[in-house]
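Just so it is clear, none of the values below were taken in a lab; they were calculated from the coordinates. Because the structure is a prediction, the values reported are computed rather than measured. Using ideal geometry, Cβ is built from the backbone for each residue, glycine included, and neighbour counts are taken over all protein chains shown.
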Amino acid sequence: MNTHQTEALVIRNQDFGETDVLLTFLTRGAGKIRGILKSGRKSTSKMAGTCQALNRLNLTYYAKEHADLSKVIRVEMLESHDNIRSDLARLAWSSFYLEMLLRSTAEHEANEELFEAASFYLGVLEKAASPEVRNLSLFHLIRLMQINGFAPLMSQCVRCGKSRPLHRVREQSVFYLDSRKGGVLCSSCRKKAPYAKDIHELSPLGLIFLEKSMSLSPAEMEEELSREDSPKELLDYLVEHSKYQLETDFKSLKFLKAFTEGTY
Ligand SMILES: [Zn+2]
């Protein structure tokens, strides 16, 4: 049997040749897969509308063993997330999330936790009150980084390995993180660090938000998210950190920065 059926999120939709569409899905059953929607660029294609990025659907596809590309056979809409699509701030955050997901996930490796986390994020982003969009999105970006194994290392200095004294979070005025090495720096390594541009400062508020995001469940985090805005420098760090850890740039970042910096 080469025909499979699974729940899927559309994470990318690209033109492919004259008439087809190349789709990238995150599926519950088979992880990240790419599939061709034949004649998807034709205006008569009924499936093309269902296969827009952000949609959650029931997907039936055909895949030969060891083949790189699948063939989309049937799709059935489960959730279209229209509120995300019609609100530019939500769209900017979700586009960045999907791009980070795309670039940090290997193909053909089923990961139920990742699928649940991404579906959950889009579901709550769709319904969230506007002031919560930013904190909610940052929290889910950090969860994604954890699930895909490239979250910042916080328990010890990434250069010398010295454990970080946890009780001093509120006393210390600023924390240093190294985006190239991927985590927190002790003060003596901070002084010796050779690449100043890789060193980021984080306030206690930023550090607490980051650590809570890495240890609390979405339900436990709910109250935190509505309490206060996450510090701006936290997003800047996570972006630089991810660029190094994934060795990539993010196309959707310009769009997101325009919103977070209020220049859009
Ligand atoms: Zn150190």
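Counting pairs of Cα atoms in region 1-90, how many percent are more than 23 Å apart?
Working: 761 of 4005 pairs.
When every Cα pair of region 1-90 is considered, 19 percent fall beyond 23 Å.
Tell me the mean residue ellipticity at 222 nm calculated for the chain from its helices only (DSSP H runs of n ≥ 4, each -39500 (n - 2.57), averaged over every residue, nearest 500).
Numbers: 10 runs with 108 residues, N = 264.
Per the formula, -12500 deg cm²/dmol.
Which loop trypsin sites (Lys or Arg not before Pro) in region 98-165, with loop taken from DSSP, have no more than 15 other Cβ atoms within 10 angstrom of their Cβ?
Working: sites: Arg103, Lys127, Arg134, Arg143, Arg159, Lys162; in loops: Arg159, Lys162.
Sparse-neighbourhood loop trypsin sites (Lys or Arg not before Pro): Lys162.
What ranking do Ser70, Ser39 get, fewest neighbouring Cβ atoms within 10 angstrom at the top? Provide the component values of the computation, followed by the final result.
Working: Ser70 23, Ser39 14.
In order of increasing Cβ crowding within 10 Å: Ser39, Ser70.
Beyond 22 Å, how much of the Cα-Cα pair distribution for region 172-255 remains, as a whole percent? Spell out each step's value before the answer.
Working: 1156 of 3486 pairs.
Percentage above 22 Å: 33.
Cα gyration tensor of region 207-264, axes a ≥ b ≥ c as square roots of the eigenvalues: rounded (a/c below 1.5), prolate (a/b > b/c) or oblate? Show your work: numbers first, answer last.
Values: a/c = 2.43, a/b = 1.44, b/c = 1.69.
It comes out oblate by the Cα gyration axes.
Which of the pairs Lys192/Lys232; Lys32/Lys251; Lys212/Lys232; Lys42/Lys64; Lys197/Lys232; Lys38/Lys127 have their Cα atoms more than 22 Å apart in this structure?
Lys192/Lys232; Lys42/Lys64; Lys38/Lys127
What are the GluC sites (Glu not before Pro) within region 116-207 that DSSP puts in a loop, where the Cβ has at most 14 other Cβ atoms within 10 Å?
Values: sites: Glu116, Glu126, Glu132, Glu171, Glu201; in loops: Glu171.
Answer by residue number: Glu171.
How much of the DSSP bridge set in the chain is antiparallel, in percent, rounded to the nearest 5? Kindly include the intermediate steps, with their values, before the conclusion.
Numbers: 37 of 42 bridges.
Restricted to the chain, the bridges split so that about 90 percent are antiparallel.
Would you please put 227-233, 91-97 in order of how densely packed they are, using the mean number of other Cβ atoms within 10 angstrom per residue and starting with the highest?
Values: 227-233: 14.7, 91-97: 23.0.
My ranking of the peptides, most packed first, is 91-97, 227-233.
Would you please name the trypsin sites (Lys or Arg not before Pro) within region 3-73 that are DSSP coil residues with at most 11 other C-beta atoms within 10 Å of their C-beta?
Counting only loop positions with at most 11 other Cβ atoms within 10 Å, the trypsin sites (Lys or Arg not before Pro) in region 3-73 are Lys64.
Please sort through the DSSP H helices of the chain and keep those with an alpha-carbon extent of at least 18 Å along the long axis and a Kyte-Doolittle average not below 0.5.
Result, helices passing both filters: 88-104, 133-147.
Tell me, what is the percent relative contact order of region 1-80, built from C-alpha pairs under 8 Å that lie six or more residues apart? Please list the in-between numbers first.
Working: 192 pairs, mean separation 25.5, N = 80.
Here the relative contact order equals 32 percent.
Say we join alpha carbon atoms closer than 10 Å with springs in a Gaussian network model of the chain; which of Leu69, Leu101, Leu141 then has the biggest fluctuation?
Leu69
Taking Cα centroids, how far is region 136-162 from region 33-102 in Å?
Result: 29 Å between the Cα centres.
Under 1.5 on a/c is rounded, so check that first for the chain, then, if it is not, pick prolate when a/b is larger than b/c and oblate when it is not; a ≥ b ≥ c are the square roots of the alpha carbon gyration tensor eigenvalues. Please report the intermediate quantities before stating the final value.
On the way: a/c = 2.25, a/b = 1.89, b/c = 1.19.
Here the chain falls in the prolate category.
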